[in-house]
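Read the structure below first, then the notes.
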Amino acid sequence: MKVSIIGAGYVGVVLAAGLAELGHEITLVDIDNKKVEMINNKEAPIYEKGLQELLEKHVPTQIKATTDLKTAISNTELTFVCVGTPSRKEGLIHLEQVKGACLEIAITLLRKQAKHYMVLKSTVLPGTSEECIKIIEDVSRKKFPKDFSFAMNPEFLREGNAVHDFFNQDRIVIGSSDAEIVEKLKELYQDIKAPVLETNFKEAEMIKYTNNAFLATKISFINEIGNICKKLGIDTNVVAKGIGMDWRIGPHFLRSGIGFGGSCFPKDVSALIFRATETGYSPKILRAVFEVNEAQPKKVIELLDKKHNSLAGKNIAILGLAFKADTDDVRESPALQIIKELILEQANLHVYDPVAEEPVKKLFPTLNYAESAQEAIDNAEIVLLLTEWQEFTQLNYGDKLVIDGKNIFDSERVHLRPKNYEGVCW
Ligand code: NAD
């Protein structure tokens, strides 16, 4: 199938690579010239396992990138919208990118004769798909579902495993009131062995938010248990293992630490709180999830303050900047919050991340960026582990104080723990 994808970010570029591997012909559109150029040069614009190889294999035969949205829409039959939906301060999400993309599609549809299929993948609050349809109908003077079709197909990938997740989806959710686009999407995804859940627009939108809210809740829950366990002198990892063996709970998302970050959980939970509050309902659990999460990075500082009267002038190594391992994404990373606090305390920071330093250099240009994790350790008296990169388990920490914020040395790796080791909440 000839498919255009608007937005070559974490979601769009992985979707392009995955669909190309399934045999489809993809035009990837972005307003960012640099990303477009990189993709056309077979260079992955983000760090994601397996992505580079797929781009090398499929550019330019099956994947082409462009800034020309109108030509991309005109020459394809189905368009995915994968643009960003960033958070506003109070929790509401910015829909400018989504609405901007809809407007451009609508203008192009004014001159397109054939029926066009449009699929929204960006995470949007319930009701947004219907707003998008209205924009397209008003501008294009075409009618849904007769002249164009629309579906909501939320994305559930995990950054760091996104390519794997594309080919191994738990389920494919397709929300629409038009059976034709549902069949089109089933055809597009036919080689992915996953159950398809057909819903209406709002249900599909709400499934995405509920999914992320539940996972975020699981993380804050185990962090709260971890905070209690630490006070009681109990190993949280063993407790997590014990409850994870109950099939009703499951072993995943039970690693305590400095809390969740990234571009999705904080944004999506706060958007859901905001939307719920607008309806007159005050969501107590979701607010508590946020509250616990905001306090977790501070646990690192509390531990440091307990051990040292002052951090001024202390050399501290920060290992890991990305919000999780195997990604270069630092959006809402707890490491950034900890760095800010330590700068306020006038500590001398030696920073290292294997792939995520570039965006942090723009935010904190004057930190000491080490060439390697070992160099950062060697220059410091205290080491903070803030991303669970595997390589951090293989280093020589000597007898320096190591505070593990990500449970890198969990129950399975107790034997590798540095001599002077402390977990944040275990
Ligand atoms: P991103 O910020 O990495 O990428 C968005 C891209 O869209 C950018 O490259 C931007 O330049 C481009 N863009 C914006 N307006 C455009 C326009 N008018 N035309 C063409 N390109 C345009 O965002 P992301 O992380 O890929 O997320 C995209 C959406 O998917 C968001 O709604 C997000 O919440 C959701 N989502 C993200 C993830 C994830 O792990 N990153 C997972 C599931 C869902």
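The values are calculated or read from the model by the stated rules, or taken from the named source; none is laboratory data. As the structure is a prediction and not an experimental result, all values here were calculated from the model. No Cβ is skipped: glycine too gets one built from the backbone with ideal geometry, and neighbour counts run over all protein chains shown. What goes into the accessible areas is simple: the full protein's heavy atoms, side chains included, and nothing from ligands, DNA or RNA. Shrake-Rupley method; radii C 1.70, N 1.55, O 1.52, S 1.80 Å.
Which entries of Lys231/Lys307; Lys202/Lys324; Lys267/Lys324; Lys218/Lys267 have Cα-Cα distances beyond 20 Å here?
Beyond 20 Å between Cα atoms: Lys202/Lys324.
Can you give me the Cα centroid spacing of the stretch 285-300 and the stretch 313-367 in angstrom?
20
Once the Cβ-Cβ distance between Glu391 and Asn420 is put in as r, and R0 is 22 Å, what FRET efficiency do you end up with, to the nearest 0.05?
Numbers: r = 20 Å, r/R0 = 0.91.
It comes out at approximately 0.65.
Counting only heavy atoms of protein chains, what accessible area per residue, in Å², does the stretch 233-423 have with a probe of 1.4 Å?
On the way: 9110 Å² over 191 residues.
Accessible surface, normalised per residue, equals 48 Å².
Which value, in Å³ per residue, describes the convex hull spanned by the Cα atoms of the stretch 35-113? Working shown, then result.
Working: hull volume 9.5 nm³, N = 79.
Per residue, the Cα convex hull of the stretch 35-113 comes to 120 Å³.
Kindly rank 31-37, 403-409 from highest to lowest mean number of other beta carbons found within 10 Å of each residue.
403-409, 31-37
Arrange the peptides 10-23, 276-289 so that the one whose residues have, on average, the most other Cβ atoms within 10 Å appears first. Display every interim value, and only then the final one.
Working: 10-23: 23.1, 276-289: 13.5.
So the peptides 10-23, 276-289, ranked by packing, come out 10-23, 276-289.
Points 7 angstrom from Cα along the Cβ direction at Glu187 and Glu358: gap in nanometres?
Result for the modelled spin labels: 3.9 nm.
Listed here are the pairs Lys99/Lys361; Lys208/Lys284; Lys208/Lys241; Lys241/Lys406; which of them are more than 22 Å apart at the Cα? Kindly include the intermediate steps, with their values, before the conclusion.
Values: Lys99/Lys361 32 Å; Lys208/Lys284 20 Å; Lys208/Lys241 27 Å; Lys241/Lys406 16 Å.
Too far apart for the 22 Å limit: Lys99/Lys361; Lys208/Lys241.
Taking the Cβ of Asn420 as the center, what net charge do the other residues with Cβ under 9 Å away carry, scoring Lys and Arg +1 and Asp and Glu -1? Intermediate values should be presented prior to the final figure.
Working: positive: Lys400, Lys419; negative: Asp399, Glu422.
In short, 0.
Which whole-number percent of Cα pairs in the stretch 174-264 have a distance greater than 16 Å?
67
Lys89: which aspartates and glutamates have alpha carbons under 17 Å from its alpha carbon, excluding same-chain residues fewer than 8 sequence positions away?
Lys89 reaches Asp268, Glu278, Glu291, Glu294, Glu332.
Under 18 Å from a point placed 7 Å out from the Cα of Asn379 along the Cα-to-Cβ direction: which residues of the stretch 302-335 have their backbone N that close?
Only 312-322 pass the distance filter.
For the stretch 233-423, what % of the accessible area comes from carbon and sulfur atoms, probe 1.4 Å?
Details: 4760 of 9110 Å².
C and S fraction of accessible area: 52 percent.
Using only the alpha carbons of the stretch 1-58, determine the length spanned along each of the three principal axes and report them from longest to shortest in whole angstroms.
26, 22, 18
Below 13 Å, Cα to Cα, which aspartates and glutamates can Lys112 reach? Residues fewer than 8 away in the same chain don't count.
Qualifying aspartates and glutamates at Cα under 13 Å: Glu77, Glu104, Asp147.
Against the globular-protein guess of 2.2 N^0.38 Å, express the Cα radius of gyration of the stretch 315-359 as a ratio, rounded to two decimals. Present the calculation step by step, with values, prior to reporting the outcome.
Working: Rg = 10.3 Å, N = 45, 2.2 N^0.38 = 9.3 Å.
Its radius of gyration relative to the 2.2 N^0.38 Å reference: 1.10.
Quick one: net charge around Tyr189, please, counting Lys, Arg +1 and Asp, Glu -1 for every other residue with C-beta under 14 Å from its C-beta.
Cβ neighbours under 14 Å give a net charge of -3.
Can you send over the solvent-accessible area of Phe144, 1.4 Å probe, protein chains only, in Å² to the nearest 10?
Its heavy atoms expose roughly 40 Å² to the probe.
Could you give each residue of the stretch 139-154 its phi-based ³J(HN,Hα) in whole Hz, using Karplus coefficients 6.51, -1.76, 1.60 with θ = phi - 60°, and x for Gly or Pro?
Karplus-based 3J(HN,Hα) across the stretch 139-154 equals 7, 8, 6, 10, 10, 8, x, 5, 9, 9, 10, 8, 9, 9, 10, x Hz.
Quick one: grab Rg to one decimal and Dmax as a whole number for the stretch 2-199, Cα atoms only, in Å.
Both quantities, over Cα of the stretch 2-199: 15.7, 44 Å.
Residue separation times 0.36 nm, minus the C-alpha to C-alpha distance between Glu371 and Asp32: what's the value? Don't skip to the answer; put the middle values down first.
Working: separation 339, 0.36 × 339 = 122.04 nm, distance 2.93 nm.
Stretched out fully, the Glu371 to Asp32 stretch lengthens by 119.1 nm.
Based on the mean of other Cβ atoms within 10 Å per residue, sort peptides 170-178, 379-387 so the most packed one is first. Kindly include the intermediate steps, with their values, before the conclusion.
Values: 170-178: 18.8, 379-387: 24.4.
So the peptides 170-178, 379-387, ranked by packing, come out 379-387, 170-178.
May I ask you to rank Lys208, Lys193 by accessible area, largest first, using a 1.4 Å probe over the protein chains only? Write down the numbers at each step before the final one.
On the way: Lys208 10, Lys193 165 Å².
Of Lys208, Lys193, the descending order of accessible area is Lys193, Lys208.
What percent antiparallel are the DSSP beta bridges of the chain, to the nearest 5?
Values: 2 of 46 bridges.
Bridges in the chain are about 5 percent antiparallel.
Using a simple spin-label model with points 7 Å from Cα along the Cα→Cβ vector, what separation in nm is obtained for Asn161 and Leu103?
Result: 3.9 nm between the two label points.
Quick one: helix 179-188 against the long Cα principal axis of the chain, what's the angle to the nearest 10°, folded into 0 to 90?
60
How long is the gain from Glu77 to His94 if the chain were fully straight, where each residue apart is worth 0.36 nm and the alpha carbon distance is subtracted? If you can, show how the numbers build up before the last one.
On the way: separation 17, 0.36 × 17 = 6.12 nm, distance 2.75 nm.
In short, 3.4 nm is gained.
So what's the net charge close to Ala322: Lys and Arg +1, Asp and Glu -1, counting the other residues with Cβ under 15 Å from its Cβ?
-4
Compute the angle between helix 96-109 and the longest alpha-carbon principal axis of the chain, please, reported from 0 to 90 degrees and rounded to the nearest 10.
20
For the stretch 1-139, what is the charge dipole size about the Cα centre, in debye to the nearest 20, if Lys and Arg each add +1 at the Cβ and Asp and Glu each add -1 at the Cβ? Before the final figure, lay out each step's value.
Working: 16 positive and 18 negative charges, 25 e Å.
My answer is approximately 120 debye.
Average projected area of the Cα convex hull of the chain, in nm²? Intermediate values should be presented prior to the final figure.
On the way: hull surface 85.4 nm².
Projected over every direction and averaged, the Cα hull of the chain covers 21.3 nm².
Where does the Debye-calculated log10 I(q)/I(0) of the stretch 233-423 sit at q = 0.10 Å⁻¹, using only Cα point scatterers of equal weight, no solvent?
-0.44
Under unit Cβ charges (Lys, Arg +1; Asp, Glu -1), what dipole magnitude, rounded to 20 debye, does the chain have relative to its Cα centre?
Charge dipole of the chain: 800 debye, to the nearest 20.
State, to one decimal in nm, how far the label point of Ser411 lies from the label point of Lys2, with both points 7 Å from Cα in the Cβ direction.
Label-label distance for Ser411 and Lys2, simple model: 5.6 nm.
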